[in-house]
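Nothing in this text is a laboratory measurement; each read-out follows from the coordinates by a stated rule. These numbers were taken from a predicted model, which means no experiment stands behind them. When we count neighbours, we look across all protein chains shown, and the Cβ atoms used for this are built from the backbone with ideal geometry, even at glycine.
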Amino acid sequence: MQEYLLTCACGWEATGSENDIVSAAKVHGREIHNMDVSHEEAMAMAAPTAS
Ligand SMILES: [Zn+2]
């Protein structure tokens with residue numbers, strides 16, 4: 001399965017499948033930035049990792 005590395009503007013990172021990083025970004029956005037992150041916004045911050 002394709003994995004992604006998501007990097008937030010604050011330096012926080014998450015790795016995993018598309019669903020994993022989108023879920024992690026939604027939680028991170030709410031808890032740290034008080035922001036709702038959409039699926040599209042999360043994927044815009046993500047890059048596929050070579051594996
Ligand atoms: Zn952040």
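Go through segment 11-51 residue by residue and tally those that are surrounded by 14 or more Cβ atoms within 10 Å (Cβ to Cβ), small (Gly, Ala, Ser) and assigned to a helix (DSSP H, G or I). Count: 5.
For every residue, the table says whether it meets (1) in contact (Cβ under 8 Å) with a residue 60 or more places away in the chain; (2) within 15 Å of the ligand (Cβ to nearest atom); (3) in contact with a strand residue (DSSP E or B) (Cβ under 9 Å, 6 or more places away or on another chain).
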residue: Glu3; (1), (2), (3): no, no, yes
residue: Ala9; (1), (2), (3): no, yes, no
residue: Asn19; (1), (2), (3): no, no, no
residue: Ala24; (1), (2), (3): no, yes, yes
residue: Met35; (1), (2), (3): no, yes, no
residue: His39; (1), (2), (3): no, no, no
residue: Ala50; (1), (2), (3): no, no, no
